[in-house]
Amino acid sequence: MSTYKMFFAGSGGQGVLMMGQIVTYAAMLEGKEATFLPSYGPEMRGGTANCTVVVSDKPVSCPIIYEADIAVAMNLPSMDKFEPMLKKGGKLFYNKSLIERDQNRDDIDAYAIDIAGRAAALGNDKVANMVMLGEVVRNTGVVSIESVFHVFEKVFTGRKAALIPLNKQAFLGE
Amino acid sequence: MITDKVLMKGNEAFAEAAIRGGARLYFGYPITPQSEVPEYMSRELPKVGGAFVQAESELGAINMAYGAGAAGGTVFISSSSPGIALMQEGMSFLCSAEVPLLALNVSRGGPGIGGIQPGQADYYQVTRGGGNGDYRIPVFAPSNIQEAVDLLYEGTELAQKWQNPIMILADGMIAQMMEPVRLPEYKKVLTPDEIAAHRDWACTGFDDRGGAENRRVVKSLRMQPEKLEEHVEYLFEKYARAEKELCRYETENLEGAGVVFVAFGTTARITREAIEILAAQGIKAGLIRPISLWPFPNKAFDEIDYKTTKAVISAELSMGQMITDVQIALNGRLPAFLAHRTGGMVPTSPEVAARAKAVLEGLK
């Protein structure tokens, strides 16, 4: 039996809530229990955004978490806030393109990802969050790559379907 | 793996459940944290032949609901705490006139305009009634999106069966979060002729029944005290039956528990995790989760293991309102304590667990 508790955090527009929703959706497709809880409030574009995701084999008792197995920080204030909330041995994924410092803790695994650079190399800076999500999924196994691709097919429909190959590429880090 | 569930935001799932339950008329005014409900209704109701009206205020909305319900419509309204407060006069009128209504309160922190984060400080408002006179409103408090969907779906029928408003009390947390949910089938919707036939009290038109003696009157004014007393006593016979039939709760882990929590809605979920934390520390804790707040599940308290349980803790997002009903239900059998945050603040599960430990320490 396994339960993953996760924070996704950054600033508005960085695709933080999208990452959380894709993981939640993928977990559901795998028949797992999952909750997605966004912070809500008087936010504005460029303001802070974060969400909490719990994925489990059993019904999720509480969607609110106070410590996490996985934290994703897309900017420095998010890393400052959520790095201390990781469990011992937890995994921190941070946006090396924006965050200049390294992790403060030595009892966690940290992954520094140059998401802007890698997205630029793919010719579309909008897929930076998919670069990050790919690192999270491939390094934690919270959901399977196949399930995430299944979600892409459900989410990117109509004209957006043309974006699936690019998002897969960003996700796989190719 | 194929799943028949969909991933939905609480508010959107609530709205869809009301539509699938047969609600075809919605009146409302936007207010956080439930504005996605009117937004969803404005988009989806016209597609199924329903009508959405954005009222000029919550006061307008409840009175539109009164009129549409009196005419036999299947009506759903929603708002959040201060908006529900504005509707209280109408709630009293609907109860007196026996007009069905499905209502949703996505509650937030108060008093006053308060804030927009989750709260449960509307407990007194919703269980005691903010309107005038002797009346009752059955209230159900879901703790996850699926349960909210199921209650709203059933709620349209309950409102018709009891000819009374039925209130679903959610909070900002389950309204804003997303969870996988299984949506029920669409209920068959009555035609105007079927409404006139089945809802034989409703003001559906006069011509075809003929004669003033066959007229239908929906009213809350009764000038003669004898008649009013008779009417209120009739209403309370109905409420006495509702108390028996609508009482709902869940209990967990009561046997051998040292301490028992009472919690509803979001707080019940936090408490469940607190119970796991306490178990890891060797303290056995149980849970009574009221699903109906009125009628309050007094009989659940007979299931407490009085040989082992030393205290009962009412966990609430308020300064302590449900604890009054907990004390009535306990009837002096055990002391009741409070674990709470308010104003939109939500306790963590370790905070709730620590409160239980402190209570048990204090009793030694």
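Some observations on this one:
- Per principal axis, descending, Cα span of segment B:6-181 in whole Å: 41, 38, 29
- A P(r) calculated from all alpha carbon pairs of segment B:107-171, with 10 Å bins opening at zero, reads 20, 45, 32, 4 percent.
- What the phi angles of segment B:175-188 give under the Karplus curve with 6.51, -1.76 and 1.60, with θ = phi - 60°, is a coupling list of 6, 9, 7, 10, 8, x, 9, 9, 8, x, 5, 5, 6, 5 Hz, glycine and proline written as x.
- Straight-line reach from B:LYS227: taking Cα to Cα under 20 Å and skipping same-chain neighbours fewer than 8 places apart, the aspartates and glutamates in range are B:GLU98, B:ASP134, B:GLU213, B:GLU237.
- Kirkwood-Stokes translational diffusion coefficient of segment B:249-363, alpha-carbon pairs, 4 °C, 1.567 mPa s, µm²/s: 95
- Greater than 30 Å apart at Cα, pairs in A:LYS58/A:LYS81; A:LYS88/A:LYS126; B:LYS9/B:LYS219; A:LYS32/A:LYS81; A:LYS91/A:LYS126; A:LYS58/B:LYS188: A:LYS88/A:LYS126; B:LYS9/B:LYS219; A:LYS58/B:LYS188
- At R0 = 35 Å, FRET efficiency that the Cβ-Cβ distance of A:ASP107 and B:ASN253 yields, to 0.05: 0.55
- Coarse-grained scattering of the protein assembly as shown at q = 0.05, 0.08 Å⁻¹, given as base-10 log I(q)/I(0) from a Debye sum over alpha-carbon atoms: -0.23, -0.58
- Interatomic Cα distance distribution for segment B:210-260, bins of 10 angstrom, percent: 17, 24, 24, 14, 11, 7, 2
- Counting beta carbons within 10 Å around each of B:HIS231, B:HIS340, B:HIS198 and listing the fewest first gives the order B:HIS198, B:HIS231, B:HIS340.
- Taking amide H as placed 1.01 Å from N in the peptide plane, the amide H of B:LEU101 sits under 5 Å from that of B:ASN164, B:ILE166, each at least 5 places away or on another chain.
- Counted by Cβ distance under 13 Å from B:PRO82, the other residues give a net charge of -1, where Lys and Arg count +1 and Asp and Glu count -1.
- Net charge of Cβ neighbours under 15 Å - reference B:VAL139; Lys, Arg +1; Asp, Glu -1: -4
- Kirkwood Rh and Cα Rg combined as Rg/Rh, chain B: 1.00
- Using distinct alpha-carbon pairs, which all enter the 1/r mean, Kirkwood radius of segment B:54-112 in Å: 11.6
- Neighbour net charge for A:GLY134 - beta-carbon separation under 12 angstrom, K R +1, D E -1: +1
- Taking B:SER92, B:SER314, A:SER144 and counting other C-beta atoms within 10 Å, the order from fewest to most: A:SER144, B:SER92, B:SER314
- Annotation: aspartates and glutamates with alpha-carbon distance below 18 angstrom to B:LYS310 (same-chain offsets under eight excluded): B:GLU252, B:GLU255, B:ASP302, B:GLU361.
- Fewest-first sequence of B:THR74, B:THR191, B:THR271 by Cβ atoms within 10 Å of each Cβ: B:THR191, B:THR74, B:THR271
- Where only alpha carbons of chain A are counted, the Rg and the Dmax (Å): 15.1, 46
- The distance separating the Cα centre of segment A:53-71 from that of segment B:281-328 comes to 25 Å.
All of the numbers you see were taken from the coordinates with simple rules; none came from a lab. Just so we're clear, the structure is a prediction, and the values are computed from it rather than from any experiment. Positions of Cβ are backbone-derived with ideal geometry, glycine not excepted, and every protein chain shown enters the neighbour counts.
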